[in-house]
Amino acid sequence: MANSQGAVELAAVTKSFAGSRRAPGGYCALEGVNLSIRGGEFFCLLGPSGCGKTTLLNLGAGFEAATSGRVSVVGRPVTAPGPDRGVIFQTDRALFDWLTVAENIAFGPSVRGLPEGERRQRVEEYLQLVGLTDHRSKLPRELSGGMKQRTQIARVLANEPEILLMDEPFAALDAYTRSHMQREIARIWQATGKTILFVTHDIAEALWLADRIGIMSRGPGSRVERIIEVPLPRPRAKMTEDFISIFNELSELIDAAAKTDATD
Amino acid sequence: MTAVFQAEGQPAGPAAPRLATGASLAPWATYGGVLAFTLVVWTGLSMVTSPWFFPSPLETAKAIVTLTATGELPGAIGISYFRILTGWSIGCVLGVPLALVAGRVRFVRMLVEPYVNFFRFVPPIAFLGIAILWFGIGEKSKIAIIVYTSLFTVFMNTMAGAMAIDETPSRAALSLGASRRQVLTKVVLPQTIPAIIVGVRIGMGFSFMSVVAAELIAADEGIGYMIYSARLFVQTANAFAGIIALGLMGLLADSLLRLAALRLFGRHALAF
């Protein structure tokens, strides 16, 4: 019953950060989070800023450990970062800026000791998939914002991870590039069949991409308040009547979640 | 500011300052203008004073020619360069690895920092007497002073750089399957290279200061000694010649260092 296990599984997960002199009580970011993401699914986590979306993703990536509860990926408990979970960061500083696009993509296969031939083949394959073949010898600083994020995506895919964890990957891009990258990631998801956990605060983006959307409540002690199946057919067109009505519905749900503790 | 206006199709970040320098108009014309201005002011000053007080550019040029003909100037340049490069190299070899470890490992930093913060305020030249006592009046004591000077400067700057590096690439490397050791050698070290280059360059500058101070006090050859003995015999033009030689020596050494850095690490976001 591997499928019922879920690709990403969080059970009663709580995450609090130790107190400092300024905030002696510490801070409880997540409290009692339960979440199950199906294999091959595109799952978006949506919520107001400061609601712990990134914290949840960091737990899945293994960058941080849960204070209590269980985090597992494809049945294995998460204890550290690993190549089975590819992480795409919001910031382009995540790229190795002294390596070319091709060398960035080859990094994972190379540190994991893949044979030279296979390594080269994967680099070619994913350069092509993200449309960067002509820019393979450029350094990250010579790329545009959208191309940098494509490099990050290709670098992660070249490792052939089971899960992609994406932390607001398009938030720093301009509107035109963002909508282009959204189409690209939808295409890449369909071409590779990976499970994607995608964090965003952009309702339209979530609606455009996700099979299901998890709405988080505002912190401290955030939870996944509700999970919504997106009934829109693919490929999705923006601004249809259905799209707008679900958009409004979601927007109200998020407002409601945010009002739990409206401090700002 | 670059981040605010960062747009699709426009590379931002470290490449931006390079664009700024590249865009300056005809650099040689600017340098030539500055040089001409300096010579005019210098000549003017020498005309209202005496050659013993303020020798003119022409007298200084004559002194340079004479000192070169007698072999005094080339010899002094050679010996000072030898002292600087030997001491500085040893300082870099010791300082860079120590700084990298201290920058990355909190415990090591805590062990080293009290010493650094204490000796930081002790100028190298204060150790000259002790260095002569320990290493003798010869080359060793002067080189020891340069080692001390460059070690500190290289250490301080490299450690600051190693501490300030962004953690995101390391996280990315870990989730791409790199081991802790691979993260250190393949991510942290390359990220620290710009800081190392800055440290090594500043260390070179301070080494020039120290060598002259050491030679002024306790040497019988070298640029510092040449300048000092010129003062004793009121050969002010010779002192000027020595100062010009020093400036050019520094300029040459720094240019070569920058050139080498660009050749070797041109892909890294170097700060020049």
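The values are calculated or read from the model by the stated rules, or taken from the named source; none is laboratory data. Model, not experiment: these values are computed from the prediction. Note that each Cβ is placed from the backbone with ideal geometry, even for glycine, and that neighbours are counted across all protein chains shown.
Only residues in region A:80-94 that are within 18 Å of A:Glu142 (Cα to Cα) count as the first member; pair them with residues that are surrounded by fewer than 24 Cβ atoms within 10 Å (Cβ to Cβ) and among the hydroxyl-bearing types (Ser, Thr, Tyr), Cβ under 7 angstrom, at least 6 apart or cross-chain, and list the lot.
Correct list of pairs: A:Thr91/B:Thr168; A:Arg93/B:Thr168; A:Ala94/B:Thr168.
Condition test on B:Ser207, is it under 16 Å from the mean Cα position of the chain (by Cα) and either within 14 Å of chain A (Cβ to nearest Cβ) or of a type in the set (Ser, Thr, Tyr) (or both)?
yes
Residue-by-condition table, conditions (1) within 24 Å of A:Asn248 (Cα to Cα); (2) facing chain B (nearest Cβ under 9 Å):
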residue: A:Ser144; (1), (2): no, yes
residue: A:Thr151; (1), (2): no, no
residue: A:Val156; (1), (2): no, yes
residue: A:Asn159; (1), (2): no, yes
residue: A:Glu168; (1), (2): yes, no
residue: A:Tyr176; (1), (2): yes, yes
residue: A:Ala186; (1), (2): yes, no
residue: A:Gln190; (1), (2): no, no
residue: A:Asp202; (1), (2): yes, no
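Answer yes or no: is there a residue in region B:61-83 that is at pLDDT 90 or above, under 18 Å from B:Phe155 (Cβ atoms) and not β-branched (Val, Ile, Thr).
Here is the first cut: in region B:61-83, the residues at pLDDT 90 or above are B:61-83.
Filter again for under 18 Å from B:Phe155 (Cβ atoms), leaving none.
The answer is no; no qualifying residue exists.
Return the pair list, or none, for Cβ contacts closer than 9 Å from residues in region A:134-163 that are more than 20 Å from A:Arg119 (Cα to Cα) to residues that are of a type in the set (Ser, Thr, Tyr) and part of a loop (DSSP other than H, G, I, E, B), at least 6 apart or on different chains.
A:Pro140/A:Thr100
Results for (1) modelled with pLDDT of 95 or more; (2) among the β-branched types (Val, Ile, Thr); (3) closer than 30 Å to A:Ala106 by Cβ, shown as yes or no for each residue.
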| position | (1), (2), (3) |
| --- | --- |
| B:Ile165 | no, yes, yes |
| B:Ala172 | yes, no, yes |
| B:Arg181 | no, no, yes |
| B:Pro194 | no, no, yes |
| B:Arg201 | no, no, no |
| B:Gly205 | no, no, no |
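Look through B:Ala214, B:Ala237, B:Ala218 and report the one residue that is farther than 13 Å from B:Arg83 by Cα and out of contact with any Pro (no Cβ under 7 Å at 6 or more places or on another chain).
B:Ala218
For region B:240-270, what are the residues that are over 18 Å from B:Trp88 (Cβ atoms), within 14 Å of chain A (Cβ to nearest Cβ) and touching a residue at least 60 places away in the same chain (Cβ under 8 Å)?
B:Phe265, B:His268, B:Ala269, B:Leu270
Within the bounds of region A:169-183, is there any residue that is within 17 Å of the chain's Cα centre (by Cα), at pLDDT 90 or above, surrounded by fewer than 18 Cβ atoms within 10 Å (Cβ to Cβ) and not small (Gly, Ala, Ser)?
There is at least one residue in region A:169-183 that is within 17 Å of the chain's Cα centre (by Cα), at pLDDT 90 or above, surrounded by fewer than 18 Cβ atoms within 10 Å (Cβ to Cβ) and not small (Gly, Ala, Ser).
Give me a count of the residues in region A:121-135 that are touching an Asp or Glu at 6+ places or on another chain (Cβ under 9 Å) and either part of a loop (DSSP other than H, G, I, E, B) or charged (D, E, K, R) (or both).
Residues in region A:121-135 being touching an Asp or Glu at 6+ places or on another chain (Cβ under 9 Å) and either part of a loop (DSSP other than H, G, I, E, B) or charged (D, E, K, R) (or both): 3 in total.
Looking at region B:170-219 only, could you name the residues that are among the hydroxyl-bearing types (Ser, Thr, Tyr) and within 30 Å of A:Ala80 (Cβ to Cβ)?
Once the filter is applied, which keeps residues that are among the hydroxyl-bearing types (Ser, Thr, Tyr) and within 30 Å of A:Ala80 (Cβ to Cβ), region B:170-219 yields B:Ser170, B:Ser175, B:Ser179, B:Thr185, B:Thr192.
Given B:Ala76, B:Ala61, B:Ala102, B:Ala126, which one is touching a residue at least 12 places away in the same chain (Cβ under 8 Å) and over 29 Å from B:Ala164 (Cα atoms)? Let's see the steps before the verdict.
Working: B:Ala61 fails: touching a residue at least 12 places away in the same chain (Cβ under 8 Å); B:Ala102 fails: over 29 Å from B:Ala164 (Cα atoms); B:Ala126 fails: touching a residue at least 12 places away in the same chain (Cβ under 8 Å).
The match here is B:Ala76.
Pull out all pairs, ordered by first then second residue, where Cβ-Cβ is under 9 Å, the residues are six or more apart or on different chains, the first lies in region B:216-238 and is at positive phi and crowded, with 18+ Cβ neighbours inside 10 Å, and the second is polar (S, T, N, Q) and not in a loop (DSSP other than H, G, I, E, B).
Pairs that qualify, where the first residue is at positive phi and crowded, with 18+ Cβ neighbours inside 10 Å and the partner is polar (S, T, N, Q) and not in a loop (DSSP other than H, G, I, E, B), are B:Gly222/B:Ser80.
For region B:160-169, does any single residue satisfy the condition of being closer than 16 Å to B:Cys92 by Cβ and within 14 Å of another protein chain (Cβ to nearest Cβ)?
No, because not a single residue in region B:160-169 is closer than 16 Å to B:Cys92 by Cβ and within 14 Å of another protein chain (Cβ to nearest Cβ).
So which strands (runs of 3 or more DSSP E) are wholly in region A:1-115 and hold at least 3 residues that are out of contact with any His (no Cβ under 9 Å at 6 or more places or on another chain) and within 14 Å of another protein chain (Cβ to nearest Cβ)?
Of the strands (runs of 3 or more DSSP E) lying wholly inside region A:1-115, those with at least 3 residues that are out of contact with any His (no Cβ under 9 Å at 6 or more places or on another chain) and within 14 Å of another protein chain (Cβ to nearest Cβ) span A:85-88.
In region B:103-143, how many are surrounded by fewer than 22 Cβ atoms within 10 Å (Cβ to Cβ) and closer than 27 Å to B:Gly78 by Cα?
Residues flagged as surrounded by fewer than 22 Cβ atoms within 10 Å (Cβ to Cβ) and closer than 27 Å to B:Gly78 by Cα within region B:103-143 amount to 17.
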